[in-house]
1. So in segment 20-56, with the set limited to residues that are among the basic types (Lys, Arg) and within 14 Å of the chain's Cα centre (by Cα), which one is modelled with the lowest pLDDT?
2. For segment 131-143, which residues satisfy the criterion of being of a type in the set (Ser, Thr, Tyr) and open to solvent by 10 Å² or more (accessible area, probe 1.4 Å)?
3. Quick one: in segment 135-151, which of the residues that are part of a loop (DSSP other than H, G, I, E, B) and β-branched (Val, Ile, Thr) is nearest to the chain's Cα centre (by Cα)?
4. Any chance you could count how many residues in segment 88-124 are charged (D, E, K, R) and touching a strand residue (DSSP E or B) at 6+ places or on another chain (Cβ under 7 Å)?
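The values are calculated or read from the model by the stated rules, or taken from the named source; none is laboratory data. Since we're looking at a predicted model, the values are computed, not measured. Here the Cβ positions follow ideal geometry from the backbone for every residue, glycine too, while neighbour counts run over all protein chains shown. Ligands, DNA and RNA are stripped out before the accessible areas are found, and what is left, the full protein with its side chains, is counted by its heavy atoms. Shrake-Rupley method; radii C 1.70, N 1.55, O 1.52, S 1.80 Å.
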Amino acid sequence: MDKRNEPMSLSYKIIQSPVGKLKLVASDKGLVAILWENDNPRRVLLKDMAVNESHPILLETQRQLGEYFASERSTFSVALDTRGTHFQKSVWDALLRIPFGETRSYGQLAKQLGNPRASRAVGAANGRNPVSIIVPCHRVIGSSGKLTGFAGGLERKTYLLNLEGKRQADPREMRVDN
């Protein structure tokens, strides 16, 4: 059988964090996903995963997340193996360029990507981000400054923004869209 046509196996491990249990998923190429407790793996098109507590990418991800939650890291260097459409990947790349402690609106990201009217499409791609926290979709807020949807829930989004020092800086953003 031609190895190029074989499905790539995925490894995972579950870690405890200040925002609850996280399921880290990796291929041999890089981190594929960080899933929240009760997250649906189908949301990020995952299947055929096996537990592997010693996978080097998972161990490195766990180490870097630990440093992030201890306020000892503001950027991540773990290899990524994201899976999505060309547009989704362009949005996820834009998310990676949002500096630690800053936020952007969906409209700002759409404008940055060259299509100012694509804020809803940007929001949909943001919602499909498979690598929460490391690809910082939590740094995207509504144009009014309100917190909007997040796979981990708005309480966790607020926690991450507080950790990065953002929430204290702009109290108007503490409002939550219902």
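1. By that ranking, first place goes to 43.
2. Within segment 131-143, 143 is the sole residue that qualifies.
3. The selected residue is 135.
4. 1
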